[in-house]
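For reference, the structure is listed below as structure tokens.
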Amino acid sequence: MKYRIVSPRVGTPGEIYEPEIWVNLGALLDGGFIEPVDKKPAPDKPAKAKVSKKAAPDATSAQE
Amino acid sequence: MPTSTYLSNPVVTVNSIDLSDQCTAATFTQRYDQLESTAFGDTARKYVAGLGNHEITLSFYMSYATSETFATLENIVGGTVTVIVKPAVGADSATNPGFTLTGTLLPELPVINATMGELSTIDVTFVGGVYSKDVTP
């Protein structure tokens with residue numbers, strides 16, 4: 001993932017930030033010093049399911 | 001008489017965040033545990049170096065504004081980061097070495113240190129970590 005510099009304390013704002021291997025990225029992100037360039041949707045979040053126009057059979061009535 | 005003058009104006013970087021303009025004092029101590037190796041027959045105590053036990057003490061003006069002292073340190077207290085202190089601005093070199101402590105722990109952070117009529121300052125100490133000296137530009 002690429003990051004963009006927000007705070008001048010890290011570098012020139014707007015430039016792409018290439019973190020060293022030893023950098024604590026979480027602290028930089030939480031402090032607002034950098035931000036992700038491209039925010040992709042979380043992979044574990046499924047796409048919204050389509051709702052069928054046909055109504056599902058009523059479970060209670062089926063039991064009776 | 002000193003042959004060279006060192007104006008105390010170091011560059012202090014904590015987790016790649018430059019906090020030099022909030023820092024007023026920096027002490028970087030390279031230290032090793034002192035293990036006694038004195039034995040029978042010796043007439044004086046002898047020691048050998050043990051594990052590295054380095055530390056950095058920094059004094060900062062406290063500021064709660066965005067990207068300032070508190071915003072930097074509150075996210076790393078209790079965790080390990082890399083701290084670099086070098087004598088002056090500019091590239092690393094033999095005469096301007098970047099003293100580095102990698103994986104050093106910030107065990108505590110004074111969140112308030114206020115005195116009426118004075119600027120708020122805090123002292124923080126990073127302990128442990130691997131010491132190195134970078135002289136490569």
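The values are calculated or read from the model by the stated rules, or taken from the named source; none is laboratory data. Computed from a prediction, not measured in an experiment: that's the story for all the values here. Note that each Cβ is placed from the backbone with ideal geometry, even for glycine, and that neighbours are counted across all protein chains shown.
Key figures
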read-out	value
Filter pass, B:Asp18 being acidic (Asp, Glu) and closer than 21 Å to B:Leu119 by Cα	yes
Residue match in region B:31-50 (condition: surrounded by 14 or more Cβ atoms within 10 Å (Cβ to Cβ) and of a type in the set (S, T, N, Q))	no
The one condition in (1) assigned to a strand (DSSP E or B); (2) within 14 Å of another protein chain (Cβ to nearest Cβ); (3) closer than 21 Å to B:Val130 by Cα; (4) not basic (Lys, Arg) that B:Phe60 fails to fulfil	(3)
Unique residue being modelled with pLDDT of 95 or more, within 28 Å of A:Ile34 (Cβ to Cβ) and of a type in the set (A, V, I, L, M) when the list is B:Val12, B:Val48	B:Val12
When residues of region B:88-102 are limited to those that are surrounded by fewer than 20 Cβ atoms within 10 Å (Cβ to Cβ) and under 12 Å from the mean Cα position of the chain (by Cα), the one farthest from B:Gln22 (Cα to Cα)	B:Thr102
Selection from region A:2-20 of residues that are on the phi < 0 side of the Ramachandran plot, assigned to a loop (DSSP other than H, G, I, E, B) and more than 9 Å from every other protein chain (Cβ to nearest Cβ)	A:Lys2, A:Thr12, A:Pro13, A:Glu15, A:Glu18
For B:Ile76: the one exception among (1) more than 27 Å from A:Gly26 (Cα to Cα); (2) buried (at least 19 other Cβ atoms within 10 Å of the Cβ); (3) not small (Gly, Ala, Ser)	(1)
Total residues in region B:13-27, condition touching a Pro at 6+ places or on another chain (Cβ under 9 Å) and more than 14 Å from A:Ala27 (Cβ to Cβ)	4
Pairs where the first residue, in region A:21-39, is more than 7 Å from chain B (Cβ to nearest Cβ) and on the phi > 0 side of the Ramachandran plot and the second is of a type outside the set (S, T, N, Q) and surrounded by 16 or more Cβ atoms within 10 Å (Cβ to Cβ), C-beta under 8 Å, 6+ apart	none
Residues satisfying the stated conditions in region B:74-113, i.e. assigned to a loop (DSSP other than H, G, I, E, B), facing chain A (nearest Cβ under 10 Å) and β-branched (Val, Ile, Thr)	B:Ile76, B:Val77
